[in-house]
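Visitor: Below is one structure. I have some questions about it.
The values are calculated or read from the model by the stated rules, or taken from the named source; none is laboratory data. As the structure is a computational prediction, the values presented were derived from the model and not from experiment. Neighbour counts run over all protein chains shown; Cβ positions are idealised from the backbone, glycine included. Accessible surface is based on the protein model in full, side chains and every heavy atom, while ligands, DNA and RNA are left aside. Shrake-Rupley method; radii C 1.70, N 1.55, O 1.52, S 1.80 Å.
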Amino acid sequence: MKALVFNKFGGPEVLEYLEISDPVIGPDEILVRMKAIGLNFADIYRRKGNYHLTGNSPFILGYEGAGVVEKTGANVQGISVGDPVAFADVPHANAEKVAVPIEKAIPIPETVSFDKAASVLLQGLTAHYLTKDSYAVKENDVILVHAAAGGVGQLLVQMAKLFGGKVIGLTSSMEKALAVKNSGGNQVFLYSEDWKRKVMEETNGKGVDVVYDSVGSTLEDSFAVTRIGGTVVFYGMAGGDPAPVDPRMLMDTSKTLTGGDLWNFLTSREERATRSAELFRWIEEGKITVSEPTVFALRDGRKAHQFLESRKSTGKILLRP
């Protein structure tokens, strides 16, 4: 089979499209012929060596995708050859075929395409736990979403609106601001503006009920625009490490800092199935809209990585085997 691999850490130029051996599945795994593969910033961090990789080179990136079951292991039940499935956390996805543990295989409804499943699972399940578990958005909550034009950001905006919230988005350009508006954002401010002042004006000096912060370096600013008794959900560091938080500030203002990591919620096959089914149902009912992805051939993986790193993308990037 063909796969996108690399032997040393570095820029997009280290990626190569090569012929390698097919994966050998175990008794509790299925072999999936990939139809669409999600590209995420985590893939860039792994390529650069920022994230730990197990095994020996050549390394294969990718953790998210969708395809058709080609073979099943001896112990596999409930999934058959020919079934459409997706996954959000299986390594070595940047290949024509992937060995997927049965507990991580997520059935795809007939109404959801491979592209849509590969576009929405990782980011959609992230937005799902953020709005239902990290902070359960309620009717009339005022929510501030950092990086609101990104894949997770647009879904966060839509889910917060679905639960009855009012959403203020933050982003870096007028083009991205339009994407936030199209996702249902009530108001959008640019990072280049005095956005803290504008958020406080928008909330009549009170501050927002919750901030979803995936930037990291903005954490102190996020607290500054959060109301007394409000919450900041920290779930990423795209802009760098956050400054330490003074627990006395939390005590004095009754504010809450909570963290979020998807893998602490996808703890079983049942959790994956239940959360994914709700996500897919929202898509089928038109309550959540997934923007059209930008698609690159898997052989053009270098170009896809360059595009993602350029920060010019506003939706999902997929790789097509």
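Visitor: Hey, any idea what Rg/Rh is for the stretch 156-270, computing Rh the Kirkwood way over Cα pairs?
Guide: Answer for the stretch 156-270: 0.98.
Visitor: Hey, can you grab everything whose amide H is under 5 Å from the amide H of residue 96? Only 5+ residues off in sequence or another chain; H modelled, so Pro and N-termini drop out.
Guide: 2
Visitor: Shifting gears a bit: Averaging sequence separations of C-alpha pairs under 8 Å and six or more residues apart, then dividing by the length of the stretch 143-213, give the relative contact order as a whole percent.
Guide: The normalised contact order for the stretch 143-213 reaches 34 percent.
Visitor: Separate question: Note down the net charge around residue 181, summing +1 for each Lys or Arg and -1 for each Asp or Glu among other residues with Cβ under 14 Å from its Cβ.
Guide: +2
Visitor: Sticking with this one: Out of all Cα-Cα pairs in the chain, roughly what percent, to the nearest whole number, are more than 36 Å apart?
Guide: Roughly 20 percent, once rounded to a whole number.
Visitor: Next question, about the same structure. Can you tell me which of 77, 123, 158 moves the most in a GNM of the chain? Springs connect C-alpha atoms under 10 Å apart.
Guide: Highest fluctuation of the listed residues: 77.
Visitor: Of all accessible surface on the chain at a 1.4 Å probe, what whole percent is carbon and sulfur?
Guide: Roughly 49 percent, rounded to a whole number.
Visitor: Go from 0 up to the bin containing the longest alpha carbon distance in the stretch 233-321, width 5 Å each, and give me the % of pairs per bin.
Guide: The calculated distribution, bin by bin, is 3, 9, 11, 11, 16, 19, 15, 9, 5, 2, 1.
Visitor: Now for a separate question. Quick one: which residues, 5 or more positions from residue 72 or on another chain, have an amide H under 5 Å from its amide H? H modelled 1.01 Å from N in the peptide plane, none for Pro or chain starts.
Guide: Here the answer is 31, since their amide H atoms fall under 5 Å of that of residue 72.
Visitor: Another question about this same structure. In whole Å, what are the Cα extents of the stretch 70-216 along the three principal axes, biggest one first?
Guide: Here the spans come out as 62, 29, 29 Å, largest first.
Visitor: If you don't mind, another one. If you build the convex hull over the alpha carbons only and average its shadow over all orientations, what do you get for the stretch 1-74? Give it in nm² to one decimal.
Guide: 5.3 nm²
Visitor: Separate question: If you take the charge dipole of the stretch 89-247 about its Cα centre, with +1 on Lys and Arg Cβ and -1 on Asp and Glu Cβ, which of 145, 235, 179 is farthest toward its positive end?
Guide: Positive-most Cα among the choices belongs to 179.
Visitor: Distances longer than 19 Å among the Cα atoms of the stretch 203-284: what percent of all pairs is that?
Guide: Summing the P(r) of the stretch 203-284 above 19 Å gives 51 percent of all pairs.
Visitor: Oh, and also: Which whole-Hz couplings ³J(HN,Hα) result when phi for each residue of the stretch 165-180 is put into the Karplus expression 6.51 cos²θ - 1.76 cosθ + 1.60, θ = phi - 60°, listed in order with x for Gly and Pro?
Guide: x, 9, 10, 10, x, 10, 7, 10, 8, 5, 4, 5, 4, 5, 4, 5
Visitor: Can you compute the equivalent ellipsoid semi-axes for the stretch 125-186, i.e. the square root of 5 times each eigenvalue of the Cα gyration tensor, sorted largest first and rounded to whole Å?
Guide: 18, 12, 8
Visitor: Accessible surface of residue 39 in the full protein assembly, 1.4 angstrom probe, to the nearest 10 Å²?
Guide: My reading of the accessible area for residue 39 is about 10 Å².
Visitor: Dipole size in debye (nearest 20) for the stretch 97-194 around its Cα centre, Lys and Arg Cβ +1, Asp and Glu Cβ -1?
Guide: That gives the stretch 97-194 a dipole magnitude of about 140 debye.
Visitor: Mind putting a number on the dipole of the stretch 42-158 about its Cα centre? Charges go on the C-beta only, +1 for Lys and Arg and -1 for Asp and Glu, and I need it in Debye to the nearest 20.
Guide: Magnitude of the dipole: close to 340 debye.
Visitor: Taking the Cα centre of the chain as origin and charging only Cβ (+1 Lys, Arg; -1 Asp, Glu), how large is the dipole, in debye to the nearest 20?
Guide: The calculated dipole for the chain is roughly 460 debye.
Visitor: Follow-up question, since we're still on this one. Helix-only estimate, please: 222 nm mean residue ellipticity of the chain, summing -39500 (n - 2.57) across DSSP H runs of length 4 or more and dividing by its residues, to the nearest 500.
Guide: -8500 deg cm²/dmol
Visitor: Using only alpha carbon pairs under 8 Å that are at least six residues apart, calculate the relative contact order of the stretch 83-127 and give it in whole percent.
Guide: Over the stretch 83-127, the number comes to 49 percent.
Visitor: Now a separate question. Taking the solvent-accessible surface of protein heavy atoms with a 1.4 Å probe, what is the per residue accessible area of the chain in Å²?
Guide: Value for the chain: 45 Å² per residue.
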